[in-house]
Amino acid sequence: MPVAAAFGTTTHTRLEHHTDTLRASVHQVPAALLEDTRPAPDTPETSLRPAGTENDVLARWSTPHGERTAAVPTTGPANAGQTITISVDADGNLTEPLPSSRDNTITAVSAAIGVWALAAGTVLLPTALAHALLHRNRLQHWAHEWQHFDTPPR
């Protein structure tokens, strides 16, 4: 258990450091929407979509090398002309959303549970196998003794 906890803590620290590094290289810029939101390409038009799912919308933003236009994800409905904030790298390229501290924590806890389950399985599986083999051996000895017990004396 302590090894799994240490692994989870180390994983969380590494993920947070990685996220901090990403935050240093990514900055937020305003982007003007050029059209109304539309469902993401992999979503059928007729499907029911839960609130908070992503939509794609064409947007334009300024970079050090000029302006860029691309489809950006939005979490809610938006109209053309509206301004949203997006994450871009130093060259103005659109980046993936940064993982939140909650996402890092969930990943670290999952890793710790995985290490614990692997270690527990490594210990319990041979123990259960040995128990089953010894139990089988004991039952065979008992069956052998009962056979001798049931045989009439000569």
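A few remarks follow.
- Residue within region 109-122 that is aliphatic (A, V, I, L, M), more than 15 Å from the chain's Cα centre (by Cα) and open to solvent by 80 Å² or more (accessible area, probe 1.4 Å) present: yes
- Counting only residues that are among the hydrophobic types (A, V, I, L, M, F, W, C), in contact (Cβ under 8 Å) with a residue 40 or more places away in the chain and under 20 Å from S25 (Cα atoms), region 85-115 holds 4 of them.
- Cβ-Cβ under 8 Å pairs, at least 6 apart or on other chains, region 19-31 side closer than 26 Å to A78 by Cβ, far side assigned to a strand (DSSP E or B) and basic (K, R): A31/R60
- Test: residue in region 65-73 that is modelled with pLDDT under 85, open to solvent by 80 Å² or more (accessible area, probe 1.4 Å) and within 30 Å of T122 (Cβ to Cβ): no
- Scanning region 68-94 for residues that are in a loop (DSSP other than H, G, I, E, B) and closer than 15 Å to L58 by Cα returns T75, G76, P77, A78, N79, A80, G81, Q82, N93.
- Those residues of region 53-64 which are of a type outside the set (S, T, Y), open to solvent by 30 Å² or more (accessible area, probe 1.4 Å) and either modelled with pLDDT of 85 or more or at positive phi (or both), in sequence order: L58, R60
- Cβ pairs under 8 Å, 6+ apart, first in region 58-78 and without any contact (Cβ under 8 Å) to a residue 12 or more places away in the chain, second open to solvent by 30 Å² or more (accessible area, probe 1.4 Å): E67/R60
- Residue selected from region 123-154 under the condition of a type in the set (S, T, N, Q) and open to solvent by 90 Å² or more (accessible area, probe 1.4 Å), by the criterion farthest from M1 (Cα to Cα): Q147
The values are calculated or read from the model by the stated rules, or taken from the named source; none is laboratory data. The shown structure was predicted, so the numbers you read here are calculated from the model rather than taken from an experiment. We place every Cβ from the backbone using ideal geometry, glycine too, and count neighbours over all the protein chains shown. Each accessible area value is taken on the protein alone, full model and side chains, heavy atoms only, with ligands, DNA and RNA left out. Shrake-Rupley method; radii C 1.70, N 1.55, O 1.52, S 1.80 Å.
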